Amino acid sequence: MAPQQRASVAEVLAEEISALSPARLPPQLRRVIDDLLLDVIGLCLAARQTDYVAAALAGAEGDGACTLIGQARQVSSTAAALINGIAAHGEDFDDTFEGGPVHAGAVVVPAVLAAAERFRPEGPAALLGMAVGIETICRLSLVAPRRVHDSGFHPTSVFGAMAAAIAAAVTLGLCGRQMVNAWGIAGSMAGGLIEYLADGSSTKRLHAGWAAQAGMQAALLARAGFTGPRTVFEGRHGLFNGFARYRDGDYAKLTDGFGKLWVAETLAFKPFACGTMIHPYLDCARRVTAQGVPAEAIAEIVCEAAEGTVQRLWEPLAEKQAPPNAYAAKFSTPFCIALAFITGDVGLAAFTEANLADPRLRALAAKIRYTIDPQNPYPTSYTGHMRVVLRDGQVVEERQPHLRGGALQPLSRAEIEGKFFANAAHGGWPHARAAAARDLARRLFDGPVDLGVLRG
């Protein structure tokens with residue numbers, strides 16, 4: 001850097017990251033990363049027999065030495081990052097960062113596992129790579145809240161490429177200048193349109209895997225001497241101008257206290273297999289049904305919603321009340337609420353074409369609408385509300401003030417492991433094999449990274 005140049009955002013951040021040590025990561029962060037690794041492995045196992053994973057496998061050329069979780073085939077490091085990322089994000093059952101919203105695990109974990117398995121750094125390097133990658137994607141989502149979504153892009157994909165790049169770079173031991181180059185390169189690989197909302201097609205599933213692959217490739221190019229722009233974040237033609245159409249973000253949210261204050265400690269784990277901002281409404285629905293309110297007695301449900309969630313989870317309302325396929329139903333607040341009322345289940349097994357066609361579910365979903373709450377704190381926190389009007393005129397009202405599974409009401413270690421075993425069983429893995437995978441996840445960062453027990 002020339003003496004007259006002011007340090008760029010990437011350069012400031014790379015300097016902070018270069019000083020970090022895996023041995024000095026705080027215990028709460030280590031706990032989150034341990035649980036995140038297990039969660040991602042379970043999600044990949046849950047998706048191992050799906051049609052979209054089969055399509056991703058068929059579309060990946062070339063074999064290699066890296067593990068596809070739950071699959072017998074081994075592929076290149078970049079293909080492993082791609083396919084494991086697709087599998088981890090495929091059922092929308094993966095973690096989220098309340099304040100983003102972004103999904104860290106499905107991007108960062110596949111990139112780090114691929115880098116560690118292919119190039120053989122020890123477990124502590126993988127641990128630090130995951131910590132830095134998760135922290136990066138969470139902090140990036142705070143720089144210009146809502147603007148990336150409002151511009152038609154998927155923040156997990158856009159910011160995920162940058163997070164995977166630094167996660168792989170740290171795992172591989174790149175220097176500060178190479179880290180900056182990795183980000184600069186990844187910026188030209190980032191993307192991800194949210195037009196999947198129009199028809200429930202599979203591209204949202206692609207986004208996490210593509211970001212993991214792009215970041216992995218960017219780190220390898222930087223290690224080999226390829227260069228990228230140092231002002232990739234804040235520049236006139238940088239990431240935020242391109243994807244948020246906004247350059248004046250709060251970059252201090254990205255750089256200040258990095259490595260000292262870990263926002264990744266607040267990462268949320270999902271109890272329901274659908275869009276994150278729907279979850280508080282489902283807890284409201286479960287409390288209403290616990291009061292003995294039958295679905296058949298409901299005349300109308302009116303929910304207060306954050307304006308920033310409407311375009312993805314509520315509109316067009318008629319289409320959300322009758323989603324075109326089971327995957328689209330995961331991003332329909334009315335249909336998910338109907339599932340919670342009638343079946344009590346909003347897990348992996350709930351999103352089927354049979355449920356989609358169920359006349360009871362469709363009838364109730366058609367009675368659910370929203371009003372915009374101008375005081376809603378989204379995206380800082382996710383809340384839920386519903387006003388249930390019964391046919392006899394009685395009104396039942398419930399509110400959920402925060403995201404269950406998040407910082408204010410985290411899932412326990414037992415709940416995380418229970419979810420893992422249920423996901424593995426959903427993917428056809430017997431308990432003994434799942435237990436071996438669980439044990440691997442709990443010791444992965446202690447020595448050499450060997451993923452052999454994850455192959456199917």
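Name the one entry in ALA252, ALA212 that is modelled with pLDDT of 95 or more and closer than 22 Å to GLY152 by Cβ.
Of the residues listed, the single one that is modelled with pLDDT of 95 or more and closer than 22 Å to GLY152 by Cβ is ALA212.
Can you tell me which condition VAL143 does not meet? The list is (1) out of contact with any helix residue (DSSP H, G or I) (no Cβ under 6 Å at 6 or more places or on another chain); (2) at pLDDT 95 or above, and all the others hold.
That leaves (1) as the condition not met.
Where residues in the range 342-363 are more than 22 Å from the chain's Cα centre (by Cα) and hydrophobic (A, V, I, L, M, F, W, C), which of them is farthest from GLU300 (Cα to Cα)?
Checking each candidate, the answer is ALA354.
Given VAL32, VAL109, which one is within 29 Å of GLY200 (Cβ to Cβ), touching a Leu at 6+ places or on another chain (Cβ under 7 Å), in contact (Cβ under 8 Å) with a residue 40 or more places away in the chain and assigned to a helix (DSSP H, G or I)?
VAL109
What number of residues within the range 378-396 are surrounded by fewer than 16 Cβ atoms within 10 Å (Cβ to Cβ), part of a loop (DSSP other than H, G, I, E, B) and in contact (Cβ under 8 Å) with a residue 40 or more places away in the chain?
Selection size over the range 378-396: 3.
Taking into account only those residues within the range 411-422 that are part of a helix (DSSP H, G or I) and touching a residue at least 24 places away in the same chain (Cβ under 8 Å), which is farthest from ALA350 (Cα to Cα)?
ARG413
If ALA252 satisfies all but one of (1) surrounded by fewer than 20 Cβ atoms within 10 Å (Cβ to Cβ); (2) assigned by TED's automatic domain parsing to the domain that holds THR383, what's the number of the condition it fails?
Against the list (1) surrounded by fewer than 20 Cβ atoms within 10 Å (Cβ to Cβ); (2) assigned by TED's automatic domain parsing to the domain that holds THR383, ALA252 comes up short only on (2).
Could you pull out every one of the helices (runs of 4 or more DSSP H) wholly within the range 312-376 that has 1 or more residues that are without any contact (Cβ under 8 Å) to a residue 24 or more places away in the chain and exposed (fewer than 14 other Cβ atoms within 10 Å of the Cβ)?
317-321, 353-357, 359-365
Kindly indicate whether ALA55 is aliphatic (A, V, I, L, M) and in contact with a His (Cβ under 6 Å, 6 or more places away or on another chain).
Spelling it out, it is not the case that ALA55 is aliphatic (A, V, I, L, M) and in contact with a His (Cβ under 6 Å, 6 or more places away or on another chain).
Among the residues of the range 350-375, write down those that are farther than 14 Å from GLN321 by Cα and of a type in the set (Gly, Ala, Ser).
ALA350, ALA354
Can you pull out the residues in the range 12-21 that are in a helix (DSSP H, G or I) and either among the β-branched types (Val, Ile, Thr) or surrounded by fewer than 19 Cβ atoms within 10 Å (Cβ to Cβ) (or both)?
Selection gives VAL12, GLU15, GLU16, ILE17, SER18.
Only residues that are touching a residue at least 24 places away in the same chain (Cβ under 8 Å), in a loop (DSSP other than H, G, I, E, B) and either outside the structural domain of ALA116 (by TED's automatic domain parsing) or touching a strand residue (DSSP E or B) at 6+ places or on another chain (Cβ under 9 Å) (or both): list them for the range 53-75, please.
GLY64, ALA65, LEU68
May I ask you to list the residues in the range 39-52 that are in a helix (DSSP H, G or I) and either among the aromatic types (Phe, Trp, Tyr) or buried (at least 24 other Cβ atoms within 10 Å of the Cβ) (or both)?
ASP39, VAL40, ILE41, GLY42, LEU43, CYS44, LEU45, ALA46, TYR52, listed by residue number.
Give ALA106, ALA80 a once-over and let me know the one that is touching a strand residue (DSSP E or B) at 6+ places or on another chain (Cβ under 7 Å), modelled with pLDDT of 95 or more and buried (at least 23 other Cβ atoms within 10 Å of the Cβ).
ALA80
Listed residues ALA407, ALA425, ALA366; which is under 23 Å from GLY344 (Cα atoms), within 25 Å of the chain's Cα centre (by Cα) and aliphatic (A, V, I, L, M)?
ALA425
Taking GLY308, is it touching a residue at least 24 places away in the same chain (Cβ under 8 Å), surrounded by 17 or more Cβ atoms within 10 Å (Cβ to Cβ), of a type outside the set (Phe, Trp, Tyr) and farther than 17 Å from ALA198 by Cβ?
yes
The values are calculated or read from the model by the stated rules, or taken from the named source; none is laboratory data. The structure presented is a predicted model; accordingly, all values stated were derived computationally and were not measured. No Cβ is skipped: glycine too gets one built from the backbone with ideal geometry, and neighbour counts run over all protein chains shown.
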